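Values in this text are rule-based calculations from the coordinates and carry no lab data. Here the structure is a predicted model, which means the values were calculated and not measured. Cβ placement follows ideal geometry from the backbone for every residue including glycine, while neighbour counts extend to all protein chains displayed.
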Amino acid sequence: MAALTRDVPDKVEILPLVETALGWDLQSQSLPELGEALDLVTQFTVYGRVVADDLRTLCFSIPADSDAGRTAQAALSESTRRPHLPPPTATQPAAAQRAQHLARLIKALVRATGQVNEAQAEGPKPQHTTTKGT
């Protein structure tokens, strides 16, 4: 029986691939093979959607107007668009460029997740109250 859900790569597997994609020089003649770039587009799309869903859930635990909340919302805003674009045209430059765009998005989502986790660990900041005149 075939699995109904797709295997999602973990962070340890994806981050080196992100750095690989970001290292490609799109202006050079030595672009990655089309199949390699399209495979990364697929992996980055799947991983990006999972991380975005997790980040969206984490955001409920912090103030939306906090630095971490604003950073997360910026990354989530982009994540609602990029992973849902149609597949790139079957050319090496288009596939490599899409992989790089998704790699940047994953870096932003991972960074935002880290900031939200830090904000959660710090807990709520006490409100300043005045004791003058009491």
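Observations, loosely collected:
- The stretch between GLU33 and PHE60 holds 5.6 nm of extra length on full extension. This uses 0.36 nm per residue minus the Cα-Cα distance.
- Between GLN120 and THR42, the FRET efficiency from the beta-carbon distance, with R0 = 30 Å, is close to 0.45.
- Segment 40-61 versus segment 66-99: alpha-carbon centroid distance in Å: 11
- One decimal place: the segment GLU13-ALA74 gains 19.5 nm when fully extended, by the rule 0.36 nm per residue minus the C-alpha distance.
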